[in-house]
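The values are calculated or read from the model by the stated rules, or taken from the named source; none is laboratory data. None of these values were measured; they are calculated from a predicted model. Cβ placement follows ideal geometry from the backbone for every residue including glycine, while neighbour counts extend to all protein chains displayed. We work out accessible area using only protein heavy atoms, side chains counted, and drop any ligands, DNA or RNA first. Shrake-Rupley method; radii C 1.70, N 1.55, O 1.52, S 1.80 Å.
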Amino acid sequence: MPFSKHGYPRPLVLKSGQEVWLRPIDPAIDEDPLFSFLAGLNNDDRWYLDFDAKDPETVRSCFVHYKASELLPIVATDREGQVVGLGTLGRSHPGARGHIGRVRVVVARSFRSQRLGTYILLDLIQLAVNLGLRVLTAEFIRGIENPAIRAARRLDFFEQAVLPEFAKDPRENRYDLVIMVKRIHRGYDDF
Ligand SMILES: CC(C)(COP(=O)(O)OP(=O)(O)OC[C@H]1O[C@@H](n2cnc3c(N)ncnc32)[C@H](O)[C@@H]1OP(=O)(O)O)[C@@H](O)C(=O)NCCC(=O)NCCS
C-alpha cells in the first residue's frame with residue numbers, strides 16, 4: 001500500500017483552532033461520512049466537480065473502493081469522524097505519464113478559509129514525493145476556483161496553460177480553464 005511511510009493519520013490544527021485528521025479513505029468506515037460530505041456541498045460546488053457526486057456507484061467505485069494505482073483519496077475528518085475535506089491524487093499506469101500526478105481538493109463550506117485546503121494540497125504533494133512522482137498538475141476554472149488557484153500558487157504550482165472559455169457555469173457562461181504544474185525535484189523528499 002502506498003501510504004506505509006506517510007504517517008497517517010496526520011493531525012492538523014486549523015486557523016479556528018479546530019483539530020482535524022488527514023488519512024486515506026477507509027472503505028470499512030468512510031462510505032456514509034463521504035456521502036454526507038458530498039451531500040453537504042451545494043449545487044454550485046457539485047457542478048464544478050470532475051465527477052458526479054450524486055451517482056452512488058461513481059462515488060463507491062472511485063473513492064470508497066478506490067484503485068490505488070489510479071487514484072488515492074485522502075479525507076480530512078473531524079473529532080466525530082465526519083468527513084470535512086477530500087483530496088485526490090490521480091496517477092497513470094507506468095508509462096509516458098507514469099511520473100505525473102493530478103491533484104484535486106474540495107473542502108466543506110463550513111471549514112473553508114481556515115487553511116484546510118492548503119494543508120490537504122500540501123499532503124498530496126508529500127504523498128506524490130513519497131511515491132516518486134516528478135510532476136503534479138491541477139486544473140482550475142478561473143473566476144470560480146480562485147481560492148484553489150491561490151492555494152496552489154502558494155505551494156509552487158505555476159500556470160502553464162490556459163484553455164479559453166473552456167468550462168461553463170449552470171447559466172452557460174464560459175470560463176477559462178487554467179492548467180497549473182508543479183515540478184518535484186530530486187532530493188525534494190526532505191520536505
Ligand atoms: C478551493 C478550496 C479547496 C480551498 O479550501 P480552503 O480550506 O478554503 O483554503 P485555504 O483556507 O487553505 O485558503 C487557500 C487560499 O484561498 C484564499 N481563500 C479562501 N477562501 C476564499 C474565498 N472565499 N475568496 C477568496 N479567497 C479565498 C485564502 O486566503 C488562501 O489564500 P492565501 O493562501 O493567499 O491566503 C475550497 O474553497 C473549495 O473546496 N472550493 C470548492 C472546490 C474547488 O474549488 N476545488 C478546486 C478544484 S481542485
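Of note:
- Segment 146-151 - phi-based ³J(HN,Hα) in whole Hz, Karplus 6.51/-1.76/1.60, Gly and Pro as x: 4, x, 5, 4, 5, 4
- Relative to the globular-protein estimate of 2.2 N^0.38 Å, the Cα radius of gyration of segment 28-75 stands at 1.12.
- The lysine pair count for the chain, using Cα distances under 29 Å and pairs eight or more places apart or on different chains, is 8.
- One decimal place: the segment S110-R154 gains 13.6 nm when fully extended, by the rule 0.36 nm per residue minus the C-alpha distance.
- Helical contribution to [θ] at 222 nm, DSSP H n ≥ 4, -39,500 (n - 2.57), averaged over the chain, rounded to 500: -6500 deg cm²/dmol
- Accessible area of the chain belonging to carbon and sulfur atoms, whole % at 1.4 Å probe: 50
- FRET efficiency estimate (nearest 0.05) - Cβ-Cβ, E80 to I179, R0 22 angstrom: 0.05
- Order by protection proxy (mean Cβ within 10 Å, highest first), peptides 165-175, 112-122: 112-122, 165-175
- Two-site FRET efficiency, H99 against Q18, from Cβ-Cβ distance with R₀ of 41 Å, rounded to 0.05: 0.70
- Accessible surface, per residue, of the chain when the full set of protein chains is kept, probe 1.4 Å, Å²: 54
- If the segment from S36 to E70 were pulled out straight at 0.36 nm per residue, it would be longer than the present Cα-Cα gap by 9.8 nm.
- Of all beta bridges that DSSP places with both ends in segment 10-137, some 90 percent have antiparallel geometry.
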